[in-house]
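Here's the structure, in structure tokens; my notes come after.
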Amino acid sequence: MSNIRRRAVNPAHQDDNNNNGLPVQDAASPDSPANTAQVDTDEKPSLSPLVRLKRYLAKPRGKRRHSFVFMLGGLFGIFVAVFFANQNEVISLDALMDLNLDSLIDVMPQGILRDAKEFTQHERDTVSYDSFSVGLYLQSQGIHAKHPVVMIPGVISTGLESWGTDNDSRQYFRKRLWGSWSMMRALVMDKASWKNHIMLDKETGLDPPGIKLRAAQGFDATDFFITGYWIWNKILENMATIGYDPTNAFSAAYDWRLSYINLETRDQYFSRIKSYIETTVGVGGVKITLVSHSMGSQVVMHFFKWVESEEHGNGGKDWVNRHIDSWVNISGCMLGAVKGLTAVLSGEMRDTAQLNSFAVYGLERFLSKDERADIFRAMPGISSMLPKGGDAVWGNATWAPDDQPDKKNFTYGNFINFREVNSSWTSQNLTMEASLAYLFNQSEDWYRHQVETSYSQGIAHTRAEVEANEKDPRKWLNPLETRLPLAPDLKIYCFYGVGKPTERAYFYQEEHDPLTRLNVSIDTTVTEHPDGADHGVVMGEGDGTVNLLSMGYMCSHGWKNIKRYNPAGINITVHEMPHEPDSFSPRGGPNTADHVDILGRASLNDLLLRVAGGKGHLIEENYVSRIREYAQKVKIVDDE
């Protein structure tokens, strides 16, 4: 631990593994949902630290807390000032890199340091459910590591490090240009070089000449995005408590920028997974549990097809049945994510549209919409998440399966809406199918070629179409065009969050900025519209990132009721988790259902460990959304 942290954090609270002195049962007690598989595992645990926090918050505040907040605001203001001063060459950020933070701590008033300790401790109290408690409780109930686990992370969560040795790359050798503070420093100090490294070649979709970025490997590749911001770390902690370690768990990190076809072409990614699984099953005699998150679930679908194919993995039609016991699909964007379309169309999404004017100015000076769209397009893996299913899934100009009764004069089926119709770019509202055509019409030839040769967003309406698609790798990640593997013994578990507003439709306008190549951008003036738009973004249901239809349609209906998509009759178990974040926790606490933070959710960890421990068959389904009602309205039918 650094000297800074020793001074800023009370040493009495540095032992996170003891749950602040509480017994493990406080986080996962015998009376909690983790004790039985036939009750709702999302019941909130009663955490005494939260009670203590509430009591603390009820006490009168002194001026010290306000002084600490003031200090944080001051530091942020200094950073902003330094950034813009550097842009105008008033000062150099290089000189600040040598700043001695220990000396800064030494001259800080002791009152501010006490406030920092107090603030840190109260934040810890809000999330002090022991990271290991779920695993420790299940261990006490006799659940231990049974199936070796292979983890497939989601988009952008794997760190990318430079292995290039050309002049421009040597300074970054083996440093992460994605997923570390090195990324932030490179982005601030040398944006042009960072962009050149992070973007793939626009024609080949592979490494640009002289550039070589590769996915970091091992658990370190995905446990934290940057220091302090965990992703898979809490799952790893709980897995370790029931007996998992590097000999029976494997993080299959990958370069998420690449198209899935090029993952194999450049990195032999699927060959390596196949080899690892075959070796593990051959040595141990126990089948694998696959665990995927977000875009990783699409990667799993592609892998199933690749490994069966005679022209590719050549594992045979029964390979999955012989090697995979279960697939835990966490928040899988099976039908894409609508924000993926706006990201490549105009470099925007809710996160950028709802910034205040000062923040927008800073962002545009730093990384403009034009640049963001260009970067996203030059990462073909991002476009794998373009919405699938067209109007049959996402609705048309008059209807959508997830339309809400309180929005009587608005339909989600109009995915892109225009208030002005005075130009060729804004002549009419666009459904999902029309929006994809609109995107490709405005895009460069190289981008259209990359997407059209790598992916498909359609629907196979007959068994004959599905079987024909077995030989077309472009279709393999789309569950509406391909079938699940012929693996009757495989079990699939769909665990995802609901109840957090998620982008569903947008208002756009013609872009009048003469300095941009974009033709349209989100119309951020549309606010408090009858449809509920906020700065041009209309929210629907989901987990804050991926829409409910994408996560839930195939799991609750497509694979259960449409035979051509699941001819082997694989058992599918759905467990939805309501978003019930702790008000004072920056990551939502043990009951969050946010797209990323769900990986730290107590009940998600409980369910995952039960599957890996061979007790998944005891998990009962749990629905809290209206996904089954929406799924019935989707215009895809069983042809048998």
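Taking the Cα centre of segment 364-453 as origin, work out the dipole magnitude from +1 charges on Lys and Arg Cβ and -1 charges on Asp and Glu Cβ, in debye rounded to 20. Before the final figure, lay out the partial values.
Working: 9 positive and 13 negative charges, 33 e Å.
Here segment 364-453 has a charge dipole of around 160 debye.
Calculate, for segment 569-640, the solvent-accessible area per residue in square angstrom, rolling a 1.4 angstrom probe over the heavy atoms of the protein chains.
Each residue of segment 569-640 exposes 36 Å² on average to a 1.4 Å probe.
Under a 5 Å amide H to amide H cut-off, with H placed in plane at 1.01 Å, what residues pair with ILE226 once short-range neighbours are removed?
So ILE226 has HN proximity to no qualifying residue.
Out of segment 410-483, which chymotrypsin sites (Phe, Trp or Tyr not before Pro) are coil in DSSP terms and have no more than 15 other C-beta atoms within 10 Å?
Details: sites: PHE410, TYR412, PHE415, PHE418, TRP425, TYR438, PHE440, TRP446, TYR447, TYR455, TRP476; in loops: PHE410, TYR412, PHE415, TYR455, TRP476.
The qualifying sites: there are none.
Measure off, as a whole percent, the carbon and sulfur share of the 1.4 Å-probe accessible area of segment 551-596, all protein chains present.
47 percent
Quick check: Cα centre of segment 514-591 to Cα centre of segment 248-274, how many Å?
Computed from Cα coordinates, the inter-centre distance equals 26 Å.
What does DSSP give for segment 124-270 in terms of the percent of beta bridges that are antiparallel, rounded to the nearest 5? The partial results should precede the final answer.
Numbers: 7 of 11 bridges.
Approximately 65 percent, going by the DSSP bridge assignments.
So with the 1.4 Å probe, I'd like the accessible area per residue for segment 499-541, rounded to whole Å².
45 Å²
If you roll a 1.4 Å probe over the heavy atoms of the protein chains, what accessible area per residue do you get for segment 259-418, in Å²?
That works out to 31 Å² per residue.
Just the projected area, averaged over all directions, of the convex hull on the alpha carbon atoms of segment 375-484: how many nm²?
8.8 nm²
Calculate the dipole size of segment 469-528 relative to its Cα centre from +1 charges on Lys and Arg beta carbons and -1 charges on Asp and Glu beta carbons; express the result in debye to the nearest 20. Please list the in-between numbers first.
Values: 8 positive and 10 negative charges, 100 e Å.
I would put it at about 480 debye.
Please report, in debye to the nearest 20, how large the charge dipole of segment 146-271 is about its Cα centre when each Lys and Arg carries +1 at its beta carbon and each Asp and Glu carries -1 there.
My answer is approximately 240 debye.
Can you give me the convex hull volume of the Cα atoms of segment 131-197, divided per residue and expressed in Å³?
Hull volume normalised by residue count: 130 Å³.
Can you tell me which lysines have their Cα less than 19 Å from the Cα of LYS175? Leave out same-chain residues fewer than eight positions away.
Once the sequence-local lysines are set aside, what remains near LYS175 is LYS191, LYS195, LYS212.
Taking loop as defined by DSSP and a crowding limit of 13 other beta carbons within 10 Å, which GluC sites (Glu not before Pro) in segment 296-348 fit? Let's see the in-between values first.
Working: sites: GLU308, GLU310, GLU311, GLU348; in loops: GLU310, GLU311, GLU348.
Answer by residue number: GLU310, GLU311.
The values are calculated or read from the model by the stated rules, or taken from the named source; none is laboratory data. The model shown is predicted, which means the values in this text are computed figures rather than measured ones. With ideal geometry, Cβ positions are generated from the backbone for all residues, glycine too; neighbour counts draw on all protein chains shown. Only protein heavy atoms, including side chains, enter the accessible area calculation; ligands, DNA and RNA are left aside. Shrake-Rupley method; radii C 1.70, N 1.55, O 1.52, S 1.80 Å.
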